[in-house]
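A.B. asks: The structure's right below; bear with me while I get my questions together.
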Amino acid sequence: KKPKRQVNITESEMNRLKSRGYTILRQVSKGCSGYIFLATFSRPLKKDVVMACKIIDKNNVEPKFASKFLPRELDILTVLNNPYCVNVFAILEMNSKCFVFMRYAERGDLLTYLTTYGALEEPHARMWIRQLLLGLKYLHSVNIAHRDIKCENILITENLNMKIGDFGFARYWKDEKGHDVLSETFCGSLSYAAPEILSGRKYSMKKCDIWSLGVVLFIMFNLAKPFTKNKAPALLQQQLSRAYKHKPRVERTLNLSAKDMVFRMLEPDLLLRPSADALLNSMWMKEDPTLLRLVP
């Protein structure tokens, strides 16, 4: 859920933040649970560090989010340690608010980038999808499912590297005994939601991230979503019948291995849908040997 109203930072809160070196500057965007501000961190005799600060007011969100999703998000953010996931520097709580200071993405989010610069060429898309798959592989290896992968939640740094952001719907996909946790929660965005979510059955969460990233890859090539219905039952039928088409230009120029990558990621049967690791070893990735030599 979006926050109900604009966040209001009191003078007392601003002063307490400044005493710790943090200055909140201006709002830059709005996430699923809070507002994102540009901020700086000051240290004696050192240059100020530019950061992003996500501010979540527990009085401004749905009670269920404040009691269930927010504690999960804060817990998960503290354990993230991967170059393709957002870096969190500090989490401060004051009154009803949480201030999450993290790496600032100088070039904004992927949706804004695609809207500004247009569809990606294959090598560019491959480089970015590889980074995002490495991010998902890491998350799934440490028992985290993101559950809201979409263009708006993929951030771009000054050096044009990807960062998976906004962990508002993330959760652990295994319990303390190592058993898969099946979810019934509908979360994320409808057009990125996997068939198992739309079907209303309990589902395994990490494979949903692969589907959503497949939607992202299709958008990178086509500047359009693969499935266009705006009601869940009709959208599910489109997904199950694989009723998507690349734009004519993309259909003509895209390599078969790239089309196969989209096809495999948009596999309706979650048992057949490949893992992030399998996709990193796909033919499409192997066609660019420079990527295989890179390490994160």
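A.B. asks: Here's a check for you: in the range 249-290, which residue that is of a type in the set (A, V, I, L, M) and either outside the structural domain of Ser204 (by the TED database) or assigned to a loop (DSSP other than H, G, I, E, B) (or both) is farthest from Leu133 (Cα to Cα)?
C.D. replies: Ranking the qualifying residues of the range 249-290, first place goes to Leu254.
A.B. asks: Let me ask another. Looking at the range 21-40 only, could you name the residues that are in contact with a Ser or Thr (Cβ under 8 Å, 6 or more places away or on another chain) and assigned to a strand (DSSP E or B)? Reasoning before the result, please.
C.D. replies: Just the residues of the range 21-40 that are in contact with a Ser or Thr (Cβ under 8 Å, 6 or more places away or on another chain), to begin with: 21-23, 25, 35-36, 39-40.
Tyr22, Thr23, Leu25, Tyr35, Ile36, Ala39, Thr40, listed by residue number.
A.B. asks: Please specify each residue of the range 197-232 satisfying the condition of being part of a helix (DSSP H, G or I) and without any contact (Cβ under 8 Å) to a residue 12 or more places away in the chain. Walk me through how you get there before you give the answer.
C.D. replies: Filtering the range 197-232 for residues part of a helix (DSSP H, G or I) gives 197-198, 206-222, 232.
Listed by number, the list holds a single entry, Ile197.
A.B. asks: Another question, then. Would you pick out the residues in the range 23-75 that are among the β-branched types (Val, Ile, Thr) and under 22 Å from the mean Cα position of the chain (by Cα)? So that I can check it myself, show each step before the final result.
C.D. replies: If we filter the range 23-75 for residues that are among the β-branched types (Val, Ile, Thr), which is where we start, we get 23-24, 28, 36, 40, 49-50, 55-56, 61.
Of everything in the range 23-75, those that are among the β-branched types (Val, Ile, Thr) and under 22 Å from the mean Cα position of the chain (by Cα) turn out to be Val28, Ile36, Val50, Ile55, Ile56, Val61.
A.B. asks: If you don't mind, there's one more thing I want to ask. When you scan the range 75-186 for strands (runs of 3 or more DSSP E) that lie fully inside it, which ones turn up with 3 or more residues that are within 21 Å of Val61 (Cα to Cα) and at pLDDT 95 or above? Steps first, answer last, please.
C.D. replies: Numbers: elements: 88-94, 97-103, 154-156, 162-164.
Because the criterion is at least 3 residues that are within 21 Å of Val61 (Cα to Cα) and at pLDDT 95 or above, the strands (runs of 3 or more DSSP E) in the range 75-186 that meet it are 97-103.
The values are calculated or read from the model by the stated rules, or taken from the named source; none is laboratory data. Nothing here was measured: the structure is a model prediction, and the numbers come from that model. Using ideal geometry, Cβ is built from the backbone for each residue, glycine included, and neighbour counts are taken over all protein chains shown.
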